1. Under 10 °C and 1.306 mPa s, how fast does segment 113-233 diffuse according to Stokes-Einstein, given a Kirkwood radius computed over C-alpha pairs? Answer in µm²/s, whole number.
2. Please say if segment 156-202 is rounded, prolate or oblate, where rounded means a/c under 1.5 for a ≥ b ≥ c the square roots of the C-alpha gyration tensor eigenvalues, and otherwise the choice is prolate for a/b larger than b/c and oblate otherwise?
3. What pairs from LYS52/LYS106; LYS10/LYS131; LYS77/LYS98 go past 29 Å between their alpha carbons?
4. Going by average Cβ density within 10 Å per residue, which order do the peptides 144-154, 214-224, 70-80, 48-58 take, highest to lowest?
5. Could you bin all the Cα-Cα distances of the chain into 5 Å bins starting at 0 and give me the percent of pairs in each, rounded to whole numbers?
6. Mind checking which aspartates and glutamates have their Cα closer than 12 Å to the Cα of LYS217? Skip sequence neighbours fewer than 8 apart in that chain.
7. Put +1 on the Cβ of each Lys and Arg and -1 on the Cβ of each Asp and Glu in the chain; which of ILE27, THR120, ALA179 then has its Cα farthest toward the positive end of the dipole?
8. What translational diffusion coefficient, in µm²/s and rounded to a whole number, does the Stokes-Einstein relation yield for segment 83-176 at 4 °C and a viscosity of 1.567 mPa s, taking the hydrodynamic radius as the Kirkwood radius over Cα pairs?
Amino acid sequence: MKKPTVYCCKNHSELGRVAASLIAQQISQNPNLVLGLPSGKTPITVYQELRKKYDNEELDCSGVTTFNLDEYFQRGKGDADSYYTFMHERLFKYVPFKASYLPNAKPADPKEMSTSEYLTLIDEECSKYDKLIEDCGGIDVQLVGIGSNGHIGFNEPSDEISGGTYLVDLAEQTIKDNAEKFYNGNKSEVPKSAISMGMEQIMKAKMIILIANGISKAKAIYDALEGPITPQVPASLLREHEDVIFVIDEATASLID
Ligand code: GLP
């Protein structure tokens, strides 16, 4: 098993520059790259750097197709707190891509059908998403963040490894973290479930770049790189991938050797 490459950056800004350069390099080698993307605070500097590169005519994404890792359940276009809106505001409005997809977490009005009909519809949407990724040739480069509990996308600590895209309940820790980051600490406003690519789907990417910054991620990074490989720490599973790069800052790296 090849060990993950770890780039340790001074701070969040440098992390953005390093990760954006890695992505830009891959795009220059393959202008039709299929790129997996996350939302969250961490990728903000990466998206700022990609935008700078585009503005300076150093980056052409017109052949690049993007797939986002996840979306809150029953959120989407038009919802201020959706990942759709986040991606649009942080990246897609500035940098044109060939096509950009997010899981469809709001396929119909749930009031118009029974719960089981609605869940079947969600299941179909998840399968369609996986099929679309496959039809595009699979993900070449997958950028991921990490939760403070070691989650990737919304794959929370679990006894089993998740497969394809699916509907998942958020862990209490994730609800708390996301409330602090995006909802002024108001946990009741945070959606309690989401549609996420599963770990097996994520692991199919040809290259994975994990980004993390700040002391609040230090334990998760330690567990991911030095703890047991287990679905209880979904990020630890990345160590079974042949081409994974961790781009982290000094605070996050403080517990690793
Ligand atoms: C969220 C997202 C993840 C993200 C993680 C860390 O819950 N579902 O995809 O990587 O939390 O986010 P942040 O970068 O804001 O710390």
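Computed from the coordinates by the stated procedures, all read-outs in this text should not be read as laboratory data. Keep in mind that this is a model prediction, so the values were computed, not measured. Cβ coordinates were reconstructed from backbone atoms using ideal geometry, including for glycine residues, and neighbour counts include every protein chain displayed.
1. The estimated diffusion coefficient comes to 102 µm²/s.
2. Prolate is the answer for segment 156-202, as a/c is 1.5 or above and a/b outweighs b/c.
3. LYS52/LYS106; LYS10/LYS131
4. Highest-to-lowest ranking by the protection proxy: 144-154, 214-224, 70-80, 48-58.
5. The percentages, shortest bin first, are 1, 6, 13, 18, 20, 19, 13, 6, 2, 1, 0.
6. ASP177, ASP249, GLU250
7. Projecting each Cα onto the dipole axis, the largest value belongs to ILE27.
8. 83 µm²/s
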